[in-house]
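A short worksheet on the structure shown next.
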Amino acid sequence: MAVELTTPSVLPTLATRLSQRRDLVTEVPGPESRNLHDRRTSVVPRGVISSLPVYAADADGGIIRDVDGNSFVDLGSGIAVTNVGASAPTVVAAIREQAEHFTHTCFMVSPYESYIRVAEELAELTPGNHAKRSVLFNSGAEAVENAVKIARLTTGRQAVVVFDHAYHGRTNLTMALTAKTMPYKSNFGPFAPEIYRMPMSYPYREENPNLTGAEAALRAIDQIEKQIGADSTAAILIEPIQGEGGFIVPAPGFLPTLADWARSNGVVFIADEVQSGFCRTGAWFASEHEGVVPDLITMAKGIAGGMPLSAVTGRAELLDAVHPGGLGGTYGGNPIACAAALASIDVMREHDLSGRARAIEALVMGRLRALSDDLGGEQGPIGDVRGRGAMIALELVKPGTRKPDPEITKAVASACLAEGVLLLTCGTFGNVIRLLPPLVIDEELLLDGLDVLEAAIRAAH
């Protein structure tokens, strides 16, 4: 029997262009998606994979419509990108208006105001009241690489500390920073040197369940001091909530303790907020939940409503230390992407998307924890329910154990797709279902998606 939902309506309905209801009119995938897949195999390499076998034709709010006319509940947001929806009218209008004037000049050649306005917004939105500077790029990996460059230049040190289960990108340096080998790193080496990996705070999988966040941080700090030395460490780079690694929320005290040690030892503390930024976790940035003020923040994904844009924002003295010409890129801070970012930020403010993320958390967490209890609690297939805001995960395990169960995870994702719900998996062990709905999703549509997810888990169990 399905768990009854008693939560009152908490998500005011927003205007949308497409009907916000799940509707399957063909099998999944349908004939047009299958035709596109056949065409794809002759021109796109197999190294480029897609999580889902359906091809999009339209998207709006919490709905993705495929080329066969099927409407799916979107619980992935293009990996936390379309926080404001895939075709928010304000964003679309800003893109159209900018494109009618110019699409590119290169900020390093002929600058423009929108780049400056984005930097002004980031100075206001990111944690801390200190003087800040921002530099814009195209992707999260570019932002991370440049943050490392800045840290190494300003400290005169080389070593960079990262953590188990981390994901930071697919370029050579960011592959070295990333923990998981397959599919991200396997056979792509050699990788950049002077990268050191430390144990993460992973509350569900700690051998000592009573280990506090501060104690977990001191465990990592002890290894840093023994293996590297503070005077050789340029930066600590960490996702405040790990993304691809499994939506791991470190125990309270972990991040502040690391940040305090870094500050005391002249080490640059870099928060990788590529996936967790821009209202996703119920705050503008996940660092805010524990009052952490990073020296540098890397951002991308949700910043620009689907347009390619990323940024490094941080202490003015760090970014200003870089010599003229040392930062930049041909497309970095593209004017259309900047226009989309400014419009997206307006939508986030106008509709209080941080508040909506917190409402989504209350609704989804209550539902999933009740389901976990109903399926046997610690003896059931749901090992852990975790996350913040609209960044929520289910870790699935062999019942009665903590052994990861990637098979049931795949089965659940496939069953949801067959019923018209698009969701993503992740985790070092491939056993985590992650929920990343657009922050503008309609409540009835979200509940419908949760109904399908619950039924799939019960059937697989």
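The values are calculated or read from the model by the stated rules, or taken from the named source; none is laboratory data. Here the structure is a predicted model, which is why all the values come from computation and not from measurement. With ideal geometry, Cβ positions are generated from the backbone for all residues, glycine too; neighbour counts draw on all protein chains shown.
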| request: Restricting attention to strands (runs of 3 or more DSSP E) lying wholly within the range 167-278, give those where 3 or more residues are within 29 Å of Arg402 (Cβ to Cβ). | output: 195-198, 233-238
| remark: Cβ pairs under 8 Å, 6+ apart or interchain, first in the range 344-356 and touching a residue at least 12 places away in the same chain (Cβ under 8 Å) and within 13 Å of Ile303 (Cα to Cα), second part of a helix (DSSP H, G or I) and among the aromatic types (Phe, Trp, Tyr), ordered by first then second residue, are none
| message | Cβ contacts < 6 Å: first residue farther than 11 Å from Leu75 by Cβ, restricted to the range 445-461; second residue at pLDDT 95 or above and in a helix (DSSP H, G or I), any location; separation 6+ or different chain. Result? | response | Glu454/Leu371; Ala456/Val412; Ala456/Ala415; Ala456/Cys416; Ile457/Val412; Ala460/Ile408; Ala460/Ala411; Ala460/Val412
| Hits in the range 286-326 - residues which are surrounded by fewer than 24 Cβ atoms within 10 Å (Cβ to Cβ) and in contact with a Phe, Trp or Tyr (Cβ under 9 Å, 6 or more places away or on another chain) | Glu290, Val292, Val293, Pro308
| Is there a residue in the range 290-312 that is within 21 Å of Arg133 (Cα to Cα), assigned to a helix (DSSP H, G or I) and not aliphatic (A, V, I, L, M)? | yes
| request: Sort through Ala337, Ala393 and tell me the only one that's buried (at least 22 other Cβ atoms within 10 Å of the Cβ), more than 20 Å from Ala455 (Cα to Cα) and either among the basic types (Lys, Arg) or in contact with a strand residue (DSSP E or B) (Cβ under 9 Å, 6 or more places away or on another chain) (or both). | output: Ala337
| Within the set of pairs 6 or more residues apart or between chains, which connect a residue that is in contact (Cβ under 8 Å) with a residue 24 or more places away in the chain inside the range 326-337 to a residue that is surrounded by 24 or more Cβ atoms within 10 Å (Cβ to Cβ) and among the polar types (S, T, N, Q) with Cβ atoms less than 9 Å apart? | Leu327/Asn146; Gly329/Asn146; Gly332/Ser310
| Verdict on Lys410 being within 22 Å of the chain's Cα centre (by Cα) and surrounded by fewer than 18 Cβ atoms within 10 Å (Cβ to Cβ) | yes
| message | When you check Glu395 against the structure, is it at pLDDT 95 or above, under 20 Å from the mean Cα position of the chain (by Cα) and not assigned by TED's automatic domain parsing to the domain that holds Ile303, yes or no? | response | yes
| task | Collect the residues in the range 403-455 that are in contact with a strand residue (DSSP E or B) (Cβ under 8 Å, 6 or more places away or on another chain) and among the small types (Gly, Ala, Ser), keeping them in residue-number order. | result | Ala413, Gly420, Gly427, Gly430, Gly449
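May I ask you to list the residues in the range 201-221 that are hydroxyl-bearing (Ser, Thr, Tyr), crowded, with 20+ Cβ neighbours inside 10 Å and closer than 15 Å to Thr257 by Cβ? Walk me through it before giving the result.
Start the filter on the range 201-221 by keeping residues that are hydroxyl-bearing (Ser, Thr, Tyr), which leaves 201-202, 204, 212.
Then drop every residue that is not crowded, with 20+ Cβ neighbours inside 10 Å, which leaves 201-202.
Of everything in the range 201-221, just one residue is hydroxyl-bearing (Ser, Thr, Tyr), crowded, with 20+ Cβ neighbours inside 10 Å and closer than 15 Å to Thr257 by Cβ, namely Ser201.
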| So Ile433, is it within 21 Å of the chain's Cα centre (by Cα), closer than 19 Å to Met365 by Cβ, of a type in the set (A, V, I, L, M, F, W, C) and buried (at least 20 other Cβ atoms within 10 Å of the Cβ) | yes
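Considering only residues that are in contact with a strand residue (DSSP E or B) (Cβ under 9 Å, 6 or more places away or on another chain) and either among the acidic types (Asp, Glu) or part of a loop (DSSP other than H, G, I, E, B) (or both), which ones fall in the range 37-67? If you could, list the steps in order and put the result at the bottom.
The first filter runs over the range 37-67 and keeps only residues in contact with a strand residue (DSSP E or B) (Cβ under 9 Å, 6 or more places away or on another chain), leaving 51-52, 54-59, 61-67.
The answer is Ser51, Leu52, Val54, Tyr55, Asp58, Gly61, Gly62, Asp66, Val67.
Is it true that Val28 is touching a residue at least 40 places away in the same chain (Cβ under 8 Å), in contact with a Leu (Cβ under 7 Å, 6 or more places away or on another chain) and among the β-branched types (Val, Ile, Thr)?
yes
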